[in-house]
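Participant: Pasting a structure below so you can have a look.
Laboratory data are not the source of any read-out in this text; all were calculated from the coordinates shown. Treat the numbers as computed from the prediction; the structure is a model and nothing was measured. Virtual Cβ from ideal backbone geometry, glycine too; neighbours counted across all protein chains shown.
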Amino acid sequence: MLMVKNPPSASRRERTSSHDGFLRYRNFRWAKIAAVICGISIAAYLMIDVQPHPNGGSAEGYVLGTIGALLILWLTLLGVRKRAMTRGRWSLKAWTSAHVYLGLSLIVIATLHTGFQFGWNVHTLAYALMMLVILSGIWGISMYGALPKALSDNREMMTETQMLEALRSIDRQLHEAAQPLDQENADLVQSSLEQDPFGGGLWARLTGRYSNCSTRAAQAELRRGAAFRPKLADDPLDRIDSLLERKGSILLRVRRHLRLKALLEIWLYVHVPITFALIAALSAHIVSVFFYW
């Protein structure tokens, strides 16, 4: 029996495509398609000689508006599409690439649909919300392009679970090492053990600034006290200082990890709600056009 093999060039193309990110999918296939759509839209807008110039209420405006509305509805299906894993032409990578570039093409399509006529009305509101959705999407793409490598570099071959376990291990060692201490110094160590190391709210997580860090405060206070006491051999405070230094280093890494994850995810808390607001405004825009104009 003869076995038919893929040509070497086809195999190379498949391997290259499998390693490309969604932005470079199939040598920027969807970027080229979106560019063609934008070019046709601009050419049609400029070539049609009518007075007044094409706008949302003209035949050309209705065509562009219909294309834009259908694109918006299709783009919202990405969240549903993520739940189905398939390969090939309609893989998630291909769908995401199309989502990005066709979403960007809406800037041209929707702007030409408006005929550059804006005002304090639901039509301009829908356009403004669409632009906010697109801008938040651009921010998300930039985050996905830059942050995963930063996350990997920060972990240094450790998983999030391993980092947290290392933190718990140091806390156990601190608890044991603090047993011989006097009450004042033991309370400083206890404050480090009791404080939630990741408390401080969303702002602290996004900025990575934990101004009330008990670990840092305890170490600083113990070091100030060390300046006024004689140096002793096997001083338990030396071990405490070493453990607090290690804990501070791991805390810095974990908090940086959480900050990068938050930056990677925070745009969705803007992108998704505004998308729903856009659909509501778009529905009001369509209803008002067909029933009140």
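Participant: With the Cα gyration tensor of region 177-230 giving a ≥ b ≥ c as the square roots of its eigenvalues, does the rule (a/c under 1.5 for rounded; else a/b larger than b/c for prolate; else oblate) give rounded, prolate or oblate? Numbers along the way, then the final one.
Facilitator: On the way: a/c = 4.46, a/b = 2.04, b/c = 2.19.
Verdict is oblate for region 177-230.
Participant: Hey, another quick one. Give me ASP182, ASP153 sorted ascending by neighbouring Cβ count inside 10 Å, so fewest comes first. Please report the intermediate quantities before stating the final value.
Facilitator: On the way: ASP182 7, ASP153 10.
Ranked by crowding around the Cβ, least crowded first: ASP182, ASP153.
Participant: For PHE22, PHE118, what ranking results if the residue with the fewest other Cβ atoms within 10 Å of its Cβ goes first? Don't skip to the answer; put the middle values down first.
Facilitator: Values: PHE22 19, PHE118 11.
With the fewest neighbours first, PHE22, PHE118 line up as PHE118, PHE22.
Participant: Still on this model: Rounded if a/c is under 1.5, else prolate if a/b is larger than b/c, else oblate: which is region 233-288, with a ≥ b ≥ c the root eigenvalues of its Cα gyration tensor? Walk me through the intermediate numbers first.
Facilitator: Working: a/c = 14.55, a/b = 7.81, b/c = 1.86.
Prolate, since a/c reaches 1.5 and a/b exceeds b/c.
Participant: Then there is this: Between region 265-282 and region 152-200, what's the alpha-carbon centroid distance in Å?
Facilitator: 39 Å
Participant: Most exposed first by the Cβ proxy, i.e. fewest other Cβ within 10 Å, how do TRP203, TRP30, TRP267, TRP139 rank?
Facilitator: The order, fewest Cβ neighbours first, is TRP203, TRP139, TRP267, TRP30.
Participant: Apply the Karplus parameterisation 6.51 cos²θ - 1.76 cosθ + 1.60, with θ equal to phi minus 60°, to every residue of region 195-200 and state each ³J(HN,Hα) to the nearest whole Hz, in sequence, with x for glycine and proline.
Facilitator: Going residue by residue, I get 6, 5, x, 10, x, x Hz, with x marking Gly and Pro.
Participant: Quick one: 3J(HN,Hα) in Hz for region 114-126, Karplus 6.51/-1.76/1.60 with θ = phi - 60°, rounded, Gly and Pro as x.
Facilitator: Calculated HN-Hα couplings, in order: 6, x, 6, 10, 10, x, 8, 8, 5, 5, 5, 4, 4 Hz.
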